[in-house]
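The structure appears right after this line, and notes come after that.
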Amino acid sequence: MIFHAFLIKYAEIAIKGKNRYMFEDALVKQMNIALSKVEGEFEVKKEQGRIYVFCPEQYDYDETVEALQHVFGIVGICPVVICEDQGFEQMAKDVVSYMKNCHPNYSGSFKVYTRRAKKSYPITSMEVSAELGGRILDEFPDASVDVHEPDLTLSVEIRDKIYVYSQTIKGAGGMPIGTNGKAMLLLSGGIDSPVAGYMIAKRGVKIDAVYFHAPPYTSERAKQKVVDLAKQVAKYSGPIRLHVVNFTDIQLYIYDQCPHDELTIIMRRYMMRIAEHFAKESRCLGLITGESIGQVASQTLQSLAATNEVCTLPVYRPVIGFDKQEIVERSWEIGTYETSIQPFEDCCTIFVAKHPVTKPNLNVIHRSETKLEEKIDELMKTALETVEIIEID
């Protein structure tokens, strides 16, 4: 069956009051961006409290649905058949024809829900629903009407034309990208950080990212793995500016100068400093990490407090209360898991202490960092000046 349009359903946007139009406009913008990658001229239009996607005569249905499923803010996608308004009798024929095409030999319970956007229509909504229900029962004798808990709801909207739909495809949910500012994601090649980026983006936050590369200890394939992860996240979040920082000299210097049980914490603190530098340059309102309490030694509450201390921007940790299996399941859902488990190590896994401190004392950490003062500023300056920027579409 050929569907002429898609009705877009949203949830939270509907309760935004006087600012609702701003969120709707942001959603329309993101839908247009997503559909621009699908062949054909689509028209995204707001009509009387609804958002519709009007489709060209020829288009790829599956590709269109997939594009819309990656747009945050959409909770449901309803494929719509549009018929000319040629009076009630023709409408009844068109609705029965729709049922025969979309639900042949239907034998479950159903109800007809009618909405009259065209208030001049001579029959009330309840009368239309009752009459159409009777016509459907005539054609589907094994079906039954249940207005309270039907197996199928057939929706009929009377506008300048007749819109008929009965299916709702699940959308990504959340809020449209760009409605809640921008933040900087610390993106590694692991499972957790792409999920963290996805979850923050789902709340309407535009994201950029920073990746710490340590050649020759980390390979070009490790870097490409992170680029691939950024591309997966960008399917939902929109374009990402990825900052690739050469962290090798800083890591080696910390390794030579500081106690090895403190390596992870001190390296992490310098990563946060660098990430915050680029975040402020990009006018981000915070940092995002994939840390989860207790998952590794650097993610105890004491360790998180120690890394937080070097930041003036807030640090958002959307998976902080998740266990590993919950994060893995989410990574499967968003399509990043298979890339994340590729065996290419990132800089966080190269210089790992055998017995890392789990409850770092900030005074001790400060004393250890004074050993770096001779050279660290110069190394930081070089790392910032030699950053590679990769635009992820």
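Once you have the Cα-Cα distance between V387 and K280, take 0.36 nm times their residue separation minus that, and quote the gain in nm to one decimal. If you can, show how the numbers build up before the last one.
On the way: separation 107, 0.36 × 107 = 38.52 nm, distance 1.51 nm.
The V387-K280 span can extend by a further 37.0 nm.
Given a Förster distance of 30 Å, report the FRET efficiency between K93 and E63 from their Cβ-Cβ distance, rounded to the nearest 0.05.
Plugging the Cβ-Cβ distance into 1/(1 + (r/R0)^6) gives 0.45.
List every residue whose amide H lies under 5 Å from the amide H of I169, counting only residues 5 or more places away in sequence or on a different chain, with H placed 1.01 Å from N in the peptide plane.
Amide H neighbours of I169, under 5 Å, 5+ apart: I77, C78.
So if I place +1 on the C-beta of Lys and Arg and -1 on the C-beta of Asp and Glu, and nothing else carries charge, what would the dipole magnitude of the stretch 1-142 be about its Cα centre? I want it in debye, nearest 20.
Dipole about the Cα centre, nearest 20: 840 debye.
Of T218, L285, M272, which is farthest along the charge dipole of the stretch 207-307 in the positive direction, counting Lys and Arg as +1 and Asp and Glu as -1 at C-beta?
Final value for the positive-end residue is L285.
Suppose all protein chains stay in the model; what accessible area per residue would a 1.4 Å probe give for the stretch 50-162, in Å²? Don't skip to the answer; put the middle values down first.
Values: 5600 Å² over 113 residues.
I get 50 Å² per residue for the stretch 50-162.
Would you please report the Å³ per residue occupied by the convex hull of the alpha carbon atoms in the chain?
160
Express the accessible area of the stretch 181-299 per residue in Å², computed with a 1.4 Å probe while the remaining protein chains stay in the model. Intermediate results must be reported in sequence, preceding the final value.
Working: 3870 Å² over 119 residues.
Heavy-atom accessible area per residue stands at 32 Å².
Under 20 Å from a point 7 Å along the Cα-to-Cβ line of R367: which residues of the stretch 247-283 have their amide N that close?
Label zone hits: 254-267, 269.
On C-alpha positions alone, give me the angle between the axis of helix 20-35 and the longest principal axis of the chain, in degrees, nearest 10.
So the inclination is approximately 80 degrees.
Would you mind calculating the gained length between D85 and Y255 on full extension (0.36 nm times residue separation, minus the Cα-Cα distance), in nm to one decimal?
53.7 nm
List nothing, just return the count: lysine pairs in the stretch 141-227, 8 or more apart or interchain, with Cα separation under 22 Å.
For the stretch 141-227, the number of qualifying lysine pairs is 4.
Give me the Debye-computed log₁₀ of I(q)/I(0) at q = 0.15, 0.17, 0.24 Å⁻¹ for the stretch 41-157, equal point scatterers on Cα only, no solvent, two decimals.
These q points yield log10 I(q)/I(0) values of -0.82, -1.02, -1.39.
With a point put 7 Å past each Cα toward its Cβ, work out how far E326 is from E338 in nm, to one decimal.
That separation, rounded to one decimal, is 2.7 nm.
Under a point spin-label approximation (7 Å from Cα along Cα-to-Cβ), what is the I169-R20 distance to one decimal in nm?
In this crude spin-label approximation the distance works out to 2.6 nm.
Could you list, in their original order, any pairs among K9/K46; K9/K45; K29/K280; K18/K235; K18/K118 whose Cα atoms are separated by more than 18 Å?
K29/K280; K18/K235; K18/K118
How much length would be gained if the chain were fully extended between L301 and L313, taking 0.36 nm per residue of separation minus their Cα-Cα distance, in nm to one decimal?
Working it through step by step, the gained length comes to 2.5 nm.
Give the carbon-plus-sulfur fraction of the accessible surface of the stretch 45-142 in %, rounded to a whole number; probe 1.4 Å, heavy atoms of protein chains only.
Working: 2260 of 4960 Å².
Accessible surface attributable to carbon and sulfur in the stretch 45-142 totals 46 percent.
Can you work out D for the stretch 189-237 in µm² s⁻¹ from Stokes-Einstein, where Rh is the Kirkwood radius over C-alpha pairs, the temperature is 37 °C and the viscosity is 0.692 mPa s? Spell out each step's value before the answer.
Numbers: Rh = 11.4 Å.
Result for D is 287 µm²/s.
The values are calculated or read from the model by the stated rules, or taken from the named source; none is laboratory data. What you see is a predicted model; the values in this text were computed from it and never measured. Please note: Cβ atoms are built from the backbone with ideal geometry, for glycine as well, and neighbour counts cover all protein chains shown. Surface accessibility is based on the protein's heavy atoms, side chains included, excluding ligands, DNA and RNA. Shrake-Rupley method; radii C 1.70, N 1.55, O 1.52, S 1.80 Å.
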